[in-house]
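What follows is a single structure, written as structure tokens, with notes after it.
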Amino acid sequence: MADKEPLQNKYSLVKGAARRARQLQSGAPPLGVSNSIKACRVAQDEIRVGKVTYTVSAKLQSPV
């Protein structure tokens, strides 16, 4: 995320963790140690400790 606060809101956390979980399921190696083997939980743990960052893009507005 671009902000200093790593968790802007729960929705952005879920979106970031889902994208990372898909990477893990596709064969990407985990970036840290986790107590779980489930990709979603591993992704959440990686985000929480700061090993994975993600950005929230600004909403695009269509021209009038």
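Throughout, read-outs are computed from the coordinates displayed, never taken from laboratory work. Predicted model only: the values in this text are computed from it and were never measured. As a convention, Cβ positions derive from the backbone with ideal geometry for all residues, glycine included, and neighbour counts pool all protein chains shown.
So what's the net charge close to GLY32: Lys and Arg +1, Asp and Glu -1, counting the other residues with Cβ under 13 Å from its Cβ? List each step's numbers first, then the result.
Working: positive: ARG20, ARG41, ARG48, LYS51; negative: ASP45, GLU46.
After counting each charged neighbour, the total is +2.
Under 5 Å between amide hydrogens, which residues at least 5 positions from VAL52 or on another chain qualify, with H placed 1.01 Å from N in the peptide plane?
Here ILE47 satisfy the definition.
For THR55 and GLN25, FRET efficiency with R0 = 25 Å and r from the beta-carbon atoms, rounded to 0.05?
Efficiency computed from Cβ-Cβ geometry: 0.70.
What are the ³J(HN,Hα) values, in whole Hz, obtained from phi via the Karplus relation 6.51 cos²θ - 1.76 cosθ + 1.60 with θ = phi - 60°, for each residue of the stretch 9-22 in sequence order, with x given for Gly and Pro?
Couplings: 7, 5, 5, 5, 5, 5, 5, x, 5, 5, 5, 5, 4, 5 Hz.
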